[in-house]
Each structure stands twice: as C-alpha cells, then as structure tokens.
Amino acid sequence: NNFLFEIYYSPGNLNTTLEMLNSWIERNRASQYLSNIEALLLTKSSVLLRMDSIESSALTLAEVEQSHQVSKNPRYHNQVTAIKGGLLFKQKQWDAAEAELSKLLPEVDPASLKSPKDKVAFQGLLQLAQLKLRKGDFKKAKSICEKWLKTRVGHEYKKQLYGILAASYKALGNNGQAYDYLLQRD
C-alpha cells in the first residue's frame with residue numbers, strides 16, 4: 001500500500017490516486033473488511049483537499065470522524081488535524097486554520113516522514129509556515145522550514161520549503177540568503 005501510494009501521491013497523479021483509493025474502499029466495504037477503511041478514507045480526504053475539492057474532502061473527513069476507530073486510535077489525530085486545518089486554509093479562514101495547524105508543531109516528528117499519514121501532517125505544517133509568512137511572522141515561518149529541511153523530505157516538498165524560506169529571508173532583509181533559496185527552488 002505505501003509503495004503504491006508513493007507512486008501515485010504526486011501532484012501529477014492525484015486523479016489516479018483517487019481512483020485507486022475509491023477502488024480499495026469499495027473492495028473493503030464489499031468484503032466487510034473495515035479495519036483499514038478509516039486510513040483509506042483519510043487518505044482520500046487528503047487527496048481531495050490537494051485537488052481543491054473542498055466539499056468532497058470535508059464530507060469524506062466527516063464520514064471518518066463518525067467512526068469510533070478514529071477517536072480510539074491516536075495515530076489518526078495528526079492526519080485529521082492536518083486535513084481540518086487544510087480545509088480551513090483553502091477556505092481562507094486564516095486564524096482558524098492557524099489555530100488548528102499549530103496543534104501539529106509539537107506532534108509531528110521530522111524523522112518520521114515515512115508513511116502517507118506523516119506526509120499529510122507535513123502538508124499541514126507547510127500550510128502553517130505559509131500562514132506565518134502571510135501574517136508577518138517571518139522568523140516562525142523560517143524556523144518551521146529550516147527544521148524540516150534538515151530531514152529527508154522529497155524534492156517536491158523541498159521546493160515548497162525553499163520558496164517559503166526565500167520569502168521569509170527577503171522579508172527579513174537578507175536578500176542574499178533569499179536569492180540562494182530561490183535558486184535552490186528551481
């Protein structure tokens with residue numbers, strides 16, 4: 001599952017990922033094998049969010065939250081928080097998004113970006129850094145990004161981190177450092 005997810009969960013393949021997830025969800029429901037369904041639905045909600053299908057993402061998340069598994073299983077909390085924050089972010093509810101996404105800071109371990117659920121939480125932290133940048137808290141945006149650059153994040157994520165770092169350094173008056181990060185982004 002993780003290997004397949006890695007192949008498909010890239011910006012160019014989100015439609016394929018969604019089709020694959022829907023197929024797995026249908027198969028699990030048909031076979032009454034529901035122990036993994038929450039994880040699949042959370043991933044689907046995250047993919048829909050990345051595709052800007054806000055309403056569908058919110059409906060899928062609501063379906064997950066009705067499950068007793070999510071309240072019992074702490075491994076889902078960061079994912080739920082990141083998706084909720086992401087929905088608020090996409091709806092431009094900046095303060096609410098920041099409050100939700102800030103819950104991820106003490107929770108998400110930079111060393112554990114292995115599974116899809118960790119990547120969903122990381123997406124939330126990227127949005128938090130963007131919010132901090134937007135609000136003029138350049139040092140906090142910079143510190144979030146620098147912490148994550150020290151980890152083994154993929155190229156797609158590094159480009160986003162470099163972009164936020166470039167903007168932060170420019171706003172802080174360090175044009176040389178901003179330029180260096182802009183070059184690394186491309």
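Structure summary
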{"quantity": "Residue in the stretch 24-37 that is within 17 Å of the chain's Cα centre (by Cα), among the aliphatic types (A, V, I, L, M), modelled with pLDDT under 90 and surrounded by 12 or more Cβ atoms within 10 Å (Cβ to Cβ) present", "calculated": "no"}
{"quantity": "Yes/no for S10 being within 14 Å of K119 (Cβ to Cβ), at pLDDT 90 or above and of a type outside the set (A, V, I, L, M, F, W, C)", "calculated": "no"}
{"quantity": "In the stretch 143-186, residue nearest to L126 (Cα to Cα) [restricted to those that are aliphatic (A, V, I, L, M) and open to solvent by 30 Å² or more (accessible area, probe 1.4 Å)]", "calculated": "L149"}
{"quantity": "Counted residues, the stretch 93-107 - those being farther than 16 Å from A141 by Cβ, touching a helix residue (DSSP H, G or I) at 6+ places or on another chain (Cβ under 7 Å) and either part of a helix (DSSP H, G or I) or open to solvent by less than 30 Å² (accessible area, probe 1.4 Å) (or both)", "calculated": "2"}
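The values are calculated or read from the model by the stated rules, or taken from the named source; none is laboratory data. Note that the coordinates shown come from a computational prediction; the quantities given were computed from them, not determined experimentally. Reconstructed Cβ throughout: ideal geometry from the backbone, glycine too, with neighbour counts over all protein chains shown. Note: accessible area is taken over every heavy atom of the protein model, side chains too, but ligands, DNA and RNA are not part of it. Shrake-Rupley method; radii C 1.70, N 1.55, O 1.52, S 1.80 Å.
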